[in-house]
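Engineer: My questions will all concern the structure given below.
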Amino acid sequence: MDNLQRIAMLIDADNTQLGKLEAVIREVSTMGRIVVKRAYGNWRKDLLKNWEEEIKRLAIKAEQQFDYVTGKNATDMALVIDAMELLHTKLYDGFVLVSSDSDYTPLSIKLHESGVFVFGVGEKKTPESFINSCDEFIFLENISADSETDQKADSDKAADSRKPEGAAKSGRKKRIDDINEIHKLLRIAHEKYQDDDGYTNVSSAGTYIKRVKPDFDARTYGYIKLPKLIEAYPAKYDMKKYPGKGTVNIIAYRCK
């Protein structure tokens, strides 16, 4: 999705990494024009004391929300109320919820049911319920990180070398299981969308995978884009490029 005209971005400061804010804005801006940028939190908290300069610099509107009861966070309720008010203006075709909190799942579902595009941003610890309620979800760990394959692989190897042997093997198995799921989805997309020559547009496949797995991001697996991921498995796929409209080249693949 890269043609949204009016995006509202709502940030739960209590559940977001301050250092990734600018990178999040850059990422969301590739989808369309951000017209609302609001961050919610109790700015009197020591935990949020470093936010002031950054939200000023990035022209984000700070929404103060006091904790009415000790130990209870009222930020999420304030964000939900504002989201519903913005939705009912019918001015926005996309909402970005920046948080790792599953409490926003009902909000995401409601926004989705209303026909707007829902984009979630959060850490990898984000519960699946929130992830799957979004049209698209991106992990903060993938934003602003260098996603070159070689560097990702080196980083993974270094991390594995520091882990106990059992943990390293478990991590490798999870990565294998995850990538195998993507291969299954690529095969389903190939069967569904292939042309007369048996090739499937990578863009169509990517759209399908996002629908099934909103948190899909090629960078999670060490590749800049989906075509690079497919290209890395020549034993599984044939690839070709051909001219599209104007100067655009279409990238397609065929399962072997």
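The values are calculated or read from the model by the stated rules, or taken from the named source; none is laboratory data. All of these numbers come straight from a predicted model, not from anything done at the bench. Glycine also receives a Cβ, built like all others from the backbone with ideal geometry; neighbour counts cover every protein chain displayed.
Engineer: If Ile81 meets every condition in (1) touching a residue at least 12 places away in the same chain (Cβ under 8 Å); (2) surrounded by fewer than 18 Cβ atoms within 10 Å (Cβ to Cβ); (3) farther than 30 Å from Ser203 by Cβ; (4) among the hydrophobic types (A, V, I, L, M, F, W, C) apart from one, which number is that one?
Structural biologist: Answer for Ile81: the failing condition is (1).
Engineer: Just need a number here: residues in the stretch 65-98 that are modelled with pLDDT of 95 or more, within 23 Å of Pro127 (Cβ to Cβ) and among the charged types (D, E, K, R).
Structural biologist: 1
Engineer: Suppose the filter is more than 17 Å from Ile11 (Cα to Cα), aliphatic (A, V, I, L, M) and buried (at least 16 other Cβ atoms within 10 Å of the Cβ); does Val98 pass it?
Structural biologist: Details: more than 17 Å from Ile11 (Cα to Cα): no; aliphatic (A, V, I, L, M): yes; buried (at least 16 other Cβ atoms within 10 Å of the Cβ): yes.
Spelling it out, it is not the case that Val98 is more than 17 Å from Ile11 (Cα to Cα), aliphatic (A, V, I, L, M) and buried (at least 16 other Cβ atoms within 10 Å of the Cβ).
Engineer: Which residues, counting only those in the stretch 197-222, are of a type in the set (Ser, Thr, Tyr), within 13 Å of Arg187 (Cα to Cα) and out of contact with any Lys or Arg (no Cβ under 6 Å at 6 or more places or on another chain)?
Structural biologist: Answer for the stretch 197-222, where residues must be of a type in the set (Ser, Thr, Tyr), within 13 Å of Arg187 (Cα to Cα) and out of contact with any Lys or Arg (no Cβ under 6 Å at 6 or more places or on another chain): Thr200, Ser204, Tyr208.
Engineer: Same structure again: Here is a check on your reading of the model: is Ala59 surrounded by fewer than 17 Cβ atoms within 10 Å (Cβ to Cβ) and either of a type in the set (Asp, Glu) or modelled with pLDDT of 90 or more (or both)?
Structural biologist: For Ala59, the condition - surrounded by fewer than 17 Cβ atoms within 10 Å (Cβ to Cβ) and either of a type in the set (Asp, Glu) or modelled with pLDDT of 90 or more (or both) - is met.
Engineer: Select from the stretch 13-50 the residues that are part of a loop (DSSP other than H, G, I, E, B) and either over 13 Å from the mean Cα position of the chain (by Cα) or not assigned by TED's automatic domain parsing to the domain that holds Phe66 (or both) and list them in ascending order. Write out each step before concluding.
Structural biologist: Looking only at the stretch 13-50, we keep the residues that are part of a loop (DSSP other than H, G, I, E, B), and these are 16-17, 30-31, 42-45, 49-50.
The answer is Thr16, Gln17, Asn42, Trp43, Arg44, Lys45, Lys49, Asn50.
Engineer: Something else: So how many residues does the stretch 186-205 have that are buried (at least 19 other Cβ atoms within 10 Å of the Cβ) and either assigned to a helix (DSSP H, G or I) or among the charged types (D, E, K, R) (or both)? Let's see the steps before the verdict.
Structural biologist: The initial filter retains those residues of the stretch 186-205 that are buried (at least 19 other Cβ atoms within 10 Å of the Cβ), namely 186, 189-190, 199-200, 202, 205.
With the extra rule that they be either assigned to a helix (DSSP H, G or I) or among the charged types (D, E, K, R) (or both), the set shrinks to 186, 189-190, 202, 205.
So the answer is 5.
Engineer: Please name all residue pairs, on different chains or six or more residues apart, with Cβ atoms under 9 Å, provided the first residue is in the stretch 196-215 and is in the same structural domain as Asp178 (by TED's automatic domain parsing) and the second residue is in a loop (DSSP other than H, G, I, E, B) and modelled with pLDDT under 90.
Structural biologist: Thr207/Met1; Lys210/Met1
Engineer: For Lys169, only one of the following conditions fails: (1) farther than 21 Å from Glu128 by Cα; (2) at pLDDT 90 or above; (3) outside any strand (DSSP E or B). What is its number?
Structural biologist: Single failed check for Lys169: (2).
Engineer: Looking only at the stretch 195-247, filter to residues that are among the acidic types (Asp, Glu) and modelled with pLDDT under 95; which one of those is nearest to Glu27 (Cα to Cα)? First the steps, then the outcome.
Structural biologist: Of all residues in the stretch 195-247, those among the acidic types (Asp, Glu) come to 195-197, 215, 217, 231, 238.
Within this subset, residues satisfying the condition of being modelled with pLDDT under 95 are 195-197, 215, 217.
Numbers: Asp195: 32, Asp196: 35, Asp197: 35, Asp215: 14, Asp217: 12 Å.
Checking each candidate, the answer is Asp217.
Engineer: Okay, next question. Any residue in the stretch 87-101 that is outside any helix (DSSP H, G or I) and of a type in the set (Asp, Glu)? Talk me through it step by step, then tell me what you get.
Structural biologist: Applying the first criterion (outside any helix (DSSP H, G or I)) to the stretch 87-101 yields 89-101.
Next cut, of a type in the set (Asp, Glu) only: 93, 101.
Checked against the condition, which is being outside any helix (DSSP H, G or I) and of a type in the set (Asp, Glu), the stretch 87-101 yields at least one hit.
Engineer: Looking at the structure I just gave you, is Ala39 modelled with pLDDT under 95 and under 22 Å from Ser108 (Cα atoms)? If you could, list the steps in order and put the result at the bottom.
Structural biologist: On the way: modelled with pLDDT under 95: no; under 22 Å from Ser108 (Cα atoms): yes.
So Ala39 does not fit the description; no.
Engineer: Out of the residues in the stretch 237-256 that are hydrophobic (A, V, I, L, M, F, W, C) and over 13 Å from Pro227 (Cβ atoms), state the one that is nearest to the chain's Cα centre (by Cα). Write out each step before concluding.
Structural biologist: Filtering the stretch 237-256 for residues hydrophobic (A, V, I, L, M, F, W, C) gives 239, 248, 250-252, 255.
Add one more test, that the residue is over 13 Å from Pro227 (Cβ atoms), and what stays is 248, 255.
On the way: Val248: 25, Cys255: 27 Å.
Top of the filtered list is Val248.
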